[in-house]
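The values are calculated or read from the model by the stated rules, or taken from the named source; none is laboratory data. The model shown is predicted, which means the values in this text are computed figures rather than measured ones. Cβ atoms come from the backbone with ideal geometry, glycine included; neighbour counts cover every protein chain shown. Only protein heavy atoms, including side chains, enter the accessible area calculation; ligands, DNA and RNA are left aside. Shrake-Rupley method; radii C 1.70, N 1.55, O 1.52, S 1.80 Å.
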Amino acid sequence: MFCQHYRVYLEDTDAGGIVYHANHLKFFERVRRDWLRESGLAGYFYADHSAAHATSEHLAHTQFVVQHAEVRYHAPLLLDSLLTVTVQSCIAKAASLSLMQAIFVEQMCLCDAQITLVCVQKHPQTGRLRPTRLPTDFLALLS
């Protein structure tokens with residue numbers, strides 16, 4: 001499990017001081033980026049040096065994008081609360097990561113989510129993002 005602490009600021013809330021429902025995803029995003037950074041990555045981009053079409057001038061970049069988010073809200077997050085946001089588990093598949101995440105205040109779970117990230121890579125000719133296998137050295141970072 002990986003966790004970080006974040007404070008709820010006015011910009012995260014509505015006029016009543018309650019975190020707007022879509023902003024919960026921002027806290028989940030922040031902790032995923034911090035988790036990936038702690039794992040040795042700079043956010044969502046991964047330089048895949050083993051890609052067949054990579055050259056010394058252009059290394060292929062693998063990116064993680066959210067494919068699915070299922071969020072359950074148990075209680076409101078309030079202005080100035082100190083949140084503990086977690087990545088509780090990670091299941092790696094061929095081209096995706098399935099994460100369980102949660103937001104706690106004083107050890108009480110106020111929101112949890114199952115987030116699926118898909119590994120994509122820019123096709124060299126078309127420039128379109130296409131699903132690709134998780135890099136083996138990235139998988140090694142996770143274990």
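Give me the pairs, please: first residue somewhere in region 63-79 and of a type in the set (Phe, Trp, Tyr), second residue anywhere and surrounded by fewer than 16 Cβ atoms within 10 Å (Cβ to Cβ) and in a strand (DSSP E or B), beta-carbon distance under 9 Å, and either six or more positions apart or on two chains.
Sorted first by the residue in region 63-79, then by its partner, the pairs are PHE64/PHE45.
Name every residue in region 131-143 that is open to solvent by 40 Å² or more (accessible area, probe 1.4 Å), in contact (Cβ under 8 Å) with a residue 40 or more places away in the chain and among the aliphatic types (A, V, I, L, M), in order of residue number.
Matches in region 131-143: LEU139, LEU141, LEU142.
Being without any contact (Cβ under 8 Å) to a residue 12 or more places away in the chain and closer than 19 Å to ASP12 by Cβ is the filter here; which residues of region 83-130 pass it?
GLU106
Answer yes or no as to whether THR116 is modelled with pLDDT under 95 and open to solvent by less than 50 Å² (accessible area, probe 1.4 Å).
no
Out of (1) part of a loop (DSSP other than H, G, I, E, B); (2) open to solvent by 70 Å² or more (accessible area, probe 1.4 Å); (3) at pLDDT 95 or above, what's the single condition that is false for HIS68?
For HIS68, the failing item is (1).
Restricting to region 77-119, what's the tally of residues that are over 14 Å from ARG7 (Cα atoms) and more than 14 Å from the chain's Cα centre (by Cα)?
Final tally of qualifying residues: 8.
Could you tell me how many of the residues in region 36-57 are open to solvent by less than 30 Å² (accessible area, probe 1.4 Å) and either part of a helix (DSSP H, G or I) or at pLDDT 90 or above (or both)?
Selection size over region 36-57: 1.
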